Every structure is written in structure tokens, then in C-alpha cells.
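We did not get these values from a lab; they are worked out from the coordinates using the rules stated. In this text, all values refer to a predicted model and were calculated from it rather than measured experimentally. Counting neighbours? That spans all protein chains shown, and the Cβs are built from the backbone with ideal geometry, glycine included.
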Amino acid sequence: MKIGIDITRAIIENAGIGRFTREITQNLIRVGKTDDFVLLSTHFRESKEKNEHLKDFIAPNVKIKRLKLPGDFKELAWGWPYALYENIYNKSDILLAPSFFEVHLAYKTPQVVIIHDMATFLFPEQRGQEVSARHNKRVKKVCTKAKKIIAISESTKNDIIKFLKINPERIEIVGPGLTQFPEKGKLPSNLKSKSYILFVGTLEPRKNLKGLVQAYRLLSEDLREKYPLVIVGAKGWNTAFELEEIKETKGVNWLGYVSDADLGELYRQAAIFAYPSLYEGFGLPVIEAQQYGVPVLTSNISSLPEAVGDGGVQIDPLDINSIARGLQRLLEDKELAQSLGQKALEHAKKYSWEVSAQKILDILKEVKGE
């Protein structure tokens with residue numbers, strides 16, 4: 001079977017869907033040894049980093065193609081009723097779209113789409129009403145067009161059914177795997193091992209950094225002195241208030257984007273991992289922290305109970321006092337933290353990119369009728 005995959009986001013993004021696309025595609029290539037892959041990237045500008053990312057996909061059963069298209073034009077063109085560039089996939093038997101952006105609405109080739117979350121349906125004001133409305137309209141068309149929909153959690157599947165009225169039989173659940181970070185990272189010089197609280201994620205309102213920082217302020221001065229709050233993640237959108245809160249709160253360190261090696265070390269050496277998000281399609285950073293035996297504080301809503309399992313404390317993300325109490329418990333109750341850390345370690349072992357890739361390959365073969 002010849003499988004076409006649009007890997008653009010794996011080339012232009014390092015976190016979130018970009019990481020998911022990179023990991024799942026690389027593992028699909030490994031488990032699909034008897035299949036051929038045509039990988040397409042439409043990134044417009046070249047860079048050394050992007051070229052290195054492309055090299056990561058080189059394999060005997062892979063052909064890589066690049067089409068120089070500005071993102072805005074691609075979004076428009078992929079929504080036209082004309083099958084532009086369909087031959088770019090070398091007459092592939094089936095196409096995998098790692099997110100709704102990569103589905104071409106006019107292609108006759110069967111397509112399978114991965115839906116990561118329904119955030120713009122739930123929080124339209126965060127991306128802006130106009131952008132959210134445009135994305136929502138596209139998602140509806142994409143999910144109607146696709147032969148099969150892959151949701152990355154039970155929660156996301158339920159949201160798809162709720163908002164799009166999709167037949168549940170058209171939706172399969174395939175969660176993420178567990179990224180193995182390089183072991184040569186370094187902590188910032190002002191951080192000590194097992195003496196900080198860690199948050200990882202793009203800075204945007206639904207990550208609830210405002211709530212986390214305000215809850216951190218409620219901790220005793222002694223705890224804040226001993227355990228600074230470390231925030232890792234690039235700036236997203238509508239973050240002016242969060243940035244102001246971070247700037248004005250003593251003990252909070254925003255590191256911005258860090259390398260995978262340094263991120264792995266930050267996870268490994270954290271005392272606890274705090275992730276009180278208001279909504280997640282899955283919550284990948286939760287299991288990334290758990291693989292190092294780090295106890296997790298996270299929300300009791302959306303997909304996060306699925307992600308954390310029994311390896312953490314669940315709190316009400318809308319209640320600052322609930323977040324603060326959870327932080328205090330994990331920081332002061334060493335026996336609890338140790339027990340949850342061990343459970344986190346075991347829970348994280350359930351996740352594998354190879355297993356997830358095999359499930360997706362089976363779905364593609366089923367859709368193609370093989």
C-alpha cells in the first residue's frame with residue numbers, strides 16, 4: 001500500500017501537533033516496512049532546522065516531496081473544490097492528515113484525519129470569533145469528507161460527536177506515545193534537582209497559567225522559597241495577562257522554548273509537574289513527566305483524568321484554592337508524592353508511539369480494504 005502523509009507541521013513546529021506528527025510518521029514508516037510512503041511538506045521558507053527535520057524521515061520505503069506554499073494560501077487552496085496538486089502524492093492509495101489542516105476537500109483519494117481537540121468549539125473567544133468560526137467550519141467539512149476520523153482520546157471523541165453529530169462508528173481512538181528525550185540536557189544554573197514545580201505548554205489562556213500562578217501565590221512563603229515555579233513553553237496568543245502575572249510574581253521563572261534535551265532534564269529533575277489546564281485533547285506533557293516518576297497535579301475535566309490515570313492529584317482548575325491545596329499536598333506529603341510518582345511511572349509505560357502507529361496503520365488498511 002502506498003500511503004501519503006502531509007508532514008508539514010512536523011517540519012515547522014516542535015511541540016504539540018508537530019511532535020505528534022513527527023513521532024507517529026517515523027513509527028508508521030518503521031512498522032509499515034512492506035508499505036511505501038510519500039511524505040509532503042508545504043513549508044514556504046527553508047532553514048537549517050527544517051532541513052534537518054526532513055532528514056529524520058529518510059528511509060528506503062520513503063519518498064519526500066516539498067511544495068513551497070504560504071500557509072494562508074494552502075489553507076485556502078486545500079478548501080477549494082479543485083484537486084490541486086493531487087499528483088504530488090504519486091497516486092497514493094490513501095492519505096493520512098495529521099490534523100484537520102492537511103485534509104484536501106477535493107481529493108478523490110480516501111483520507112483519514114486525526115483530530116487532536118475541539119478547542120475552538122469550546123473556547124471561540126480565545127482565538128477570536130472570526131478565526132474560530134473559520135476553523136470550526138473547516139473541521140465540520142473535513143470530518144464529513146474523511147473516510148475515518150482518529151481522535152486522540154475518549155474525551156475528544158465525545159466532543160466530536162457532541163459538536164459535529166458524527167456517527168461514533170466512524171471515529172477510532174488512538175492516543176499518543178511516549179517521547180524519549182535525549183539524556184544530555186542541563187538545568188538552568190539557578191535550579192536545584194527536585195526543588196521546583198514544573199509546567200510545560202504553549203502560553204495560551206486555556207492552559208490556565210493565570211490560575212496556576214495565582215494558586216502559587218497562596219502557598220506559604222517558605223514553600224515558595226524552596227520550590228520556584230518553572231514555566232516552559234513558547235508564547236501563544238492572548239497572553240498579556242498571563243505574562244504580567246508571571247512578571248509580577250516572585251519565584252516564577254519563564255524559560256520560553258527549550259531544546260528537547262533540556263526539556264527532558266527539566267522533567268526528570270522536577271519535584272512535581274503542575275498542569276491545571278482548562279481543556280486538552282489529550283495532555284501529552286502529563287505522561288512526558290510521568291515517565292520520570294514525577295507526581296502530577298492536573299485537572300479533573302476534559303481528557304486529563306485519562307492522561308494522568310492514578311499517577312497524580314486531580315483538582316478543579318477553576319478553583320484557585322483547589323489548585324493551591326493540591327500543590328501543597330504534593331510538596332509537603334513526601335510519602336504521597338513518592339507513591340504517586342511510582343504510579344505515574346507505571347502508568348506512563350502504557351504509552352508507545354510504535355503501538356499507536358500500528359493501530360493507525362491497521363485503520364488505514366481497513367479503510368483501503370486490505
Exercise. Taking H placed 1.01 Å from N in the peptide plane, check which residues at least 5 places from residue 275 or on another chain put their amide H under 5 Å from its amide H.
Key: 297, 298
Quiz item: Once label points are set 7 Å from the Cα along Cα→Cβ at both residue 253 and residue 108, what is their separation, rounded to one decimal in nm?
Solution: 5.9 nm
Exercise. Quick one: what are the phi-derived ³J(HN,Hα) couplings along the range 292-300, Karplus 6.51/-1.76/1.60 with θ = phi - 60°, whole Hz, x for glycine and proline?
Key: 9, x, 8, x, 10, 10, 8, 7, 9
Quiz item: Once phi is turned into ³J(HN,Hα) by the Karplus curve 6.51 cos²θ - 1.76 cosθ + 1.60 with θ = phi - 60°, what whole-Hz value does each residue of the range 249-262 show in order, with x for glycine and proline?
Solution: 9, 5, x, 9, 10, 9, 8, x, 6, 10, 5, 4, 4, 5
Self-check item: Long pairs among 162/247; 65/145; 194/359; 207/250; 145/359, criterion Cα-Cα beyond 30 Å
Solution: 162/247; 194/359
Self-check item: Residue of 65, 137, 145 that the Gaussian network model of the chain assigns the largest fluctuation, springs spanning Cα pairs under 10 Å
Solution: 137
Practice problem: Tell me which residues come under 5 Å, amide H to amide H, from residue 185 once H is placed; ignore anything under 5 positions away on its chain. | Solution: 265
Quiz item: In the range 161-240, with Lys and Arg counted as +1 and Asp and Glu as -1 at Cβ, which of these residues, 198, 164, 174, has the Cα nearest the positive end of the dipole, that is, farthest along it?
Solution: 164
Quiz item: If you line up the long axis of helix 17-31 against the longest principal axis of the chain, both from Cα atoms, how many degrees apart are they, to the nearest 10?
Solution: 60 degrees
Exercise. Report the one residue of 363, 15, 118 whose Cα lies farthest in the direction of the positive end of the charge dipole of the chain (charges on C-beta: Lys and Arg +1, Asp and Glu -1; origin at the Cα centre).
Key: 363
Practice problem: Take peptides 306-317, 168-179 and line them up by average Cβ neighbours within 10 Å, highest first, as a rough protection proxy. | Solution: 306-317, 168-179
Self-check item: For the range 48-73 versus the range 276-329, the gap between their alpha-carbon centres in whole angstrom
Solution: 35 Å
Quiz item: What does the highest-first list of 18-25, 337-344, 221-228, 35-42 look like by mean Cβ count within 10 Å?
Solution: 18-25, 35-42, 337-344, 221-228
Self-check item: Cα-Cα pairs of the chain separated by more than 33 Å (percent)
Solution: 30 percent
Practice problem: Compare the peptides 149-161, 242-254 by average per-residue count of other Cβ atoms within 10 angstrom and give them in order, highest first. | Solution: 149-161, 242-254
Quiz item: Could you give the angle, 0 to 90 degrees to the nearest 10, between helix 209-218's Cα long axis and the longest principal axis of the Cα atoms of the chain?
Solution: 10 degrees
Quiz prompt | Overall form of the range 229-370 per C-alpha gyration tensor (a/c, 1.5; a/b vs b/c) | solution = prolate
Quiz prompt | Karplus 3J(HN,Hα) series, Hz, for the range 351-359 with 6.51 cos²θ - 1.76 cosθ + 1.60 (x for Gly, Pro) | solution = 9, 8, 5, 5, 5, 4, 5, 5, 4
Practice problem: Scan around residue 97 for amide H atoms under 5 Å from its own, H built in the peptide plane at 1.01 Å from N, and keep only partners 5 or more places away or cross-chain. | Solution: 112, 113, 114
Exercise. State, to one decimal in nm, how far the label point of residue 173 lies from the label point of residue 51, with both points 7 Å from Cα in the Cβ direction.
Key: 4.4 nm
Self-check item: Electrostatic dipole magnitude of the chain [Cβ: Lys, Arg +1; Asp, Glu -1; Cα centre; debye, to 20]
Solution: 1040 debye
Quiz item: With axes computed from alpha carbons, what is the tilt in degrees of helix 129-145 against the longest principal axis of the chain, rounded to the nearest 10 within 0 to 90?
Solution: 50 degrees
